[in-house]
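The values are calculated or read from the model by the stated rules, or taken from the named source; none is laboratory data. Please read these numbers as outputs of a predicted model, since none were measured by experiment. Only protein heavy atoms, including side chains, enter the accessible area calculation; ligands, DNA and RNA are left aside. Shrake-Rupley method; radii C 1.70, N 1.55, O 1.52, S 1.80 Å.
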Amino acid sequence: MELKPISKIAILASGRGSNFEAIASAVISGDLPAEIVLIASDKQEAPVLEKAKSKGLRVLAEKDQSALLGVLKSLQVDYVVLAGYMRILSKDFISAFADPRGFSRIVNIHPSLLPAFPGLESYRKAFESGVKVAGVTVHFVDAGIDTGPICAQESFEISDCKTLEEVEARGLAVEHKLYAKTLNWILRNEFKINERGGRLHVQPY
Ligand code: GRF
């Protein structure tokens, strides 16, 4: 893939938007070589849309994925960034962002050390399972649920956390840094992909 100085990204989110805010800050400060061309949500009332509007960004509330895909294509989006997007993307949507190297140019952040605790409420699952270490994963999206090639992971201790809220607060702080940092090398195309153990292995330079 040709190296682009600035990538066009669209952020899809369904709720609060704290990861959106962290990414937007990294773009504004010049740490992330991206232009946020759209914030889209499947929920009209999602707080993330207000947050994006207040930064003067283009927003869209759209449930229908083929309509959303049409907009993303017209905006010539390079990477789709999922930040708390609560819908499963269709095969057509994912293949529209296929990279010739074998992954999709759709990135997600998941609040666990995948493959542990995929799906919903992963901080709760970690808290209630008695594990001492929880974590966060950034991965490329494939057709499965939280199964795509892993780009980055970071763990954090939770043995001293007394409530789920403490786990979530600690996790979100990790998410906000890890997402911007990982997107940075992804968008700069500073990574290589090879196969390891029958799966794609993503390695930053
Ligand atoms: C985060 O925990 C993210 O990992 C998960 O959904 C949550 C979204 O939070 N996928 P926010 O909307 O970015 O604040």
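A few points about this structure:
- Heavy atoms of Phe191 accessible to a 1.4 Å probe, total area in Å² rounded to 10: 10 Å²
- Accessible surface, the chain, averaged per residue in Å² (probe 1.4 Å): 50 Å²
- As a fraction of the 1.4 Å probe accessible area of the chain, surface on carbon and sulfur atoms comes out at 52 percent.
- In this entry, the chain is assigned a mean projected area of 11.4 nm², taken as a quarter of its C-alpha convex hull surface.
- Antiparallel content of DSSP bridges confined to region 7-204, in %, to 5: 55 percent
- Long-range amide H partners of Glu35 with built H, under 5 Å: Ser7, Lys8, Ile9
- Dividing the mean sequence gap of close Cα pairs (under 8 Å, 6+ apart) by how many residues the chain holds gives a relative contact order of 19 percent.
- For the set Leu120, Leu57, Leu32, solvent exposure ranked by accessible area (probe 1.4 Å, protein chains only) runs largest to smallest as Leu120, Leu57, Leu32.
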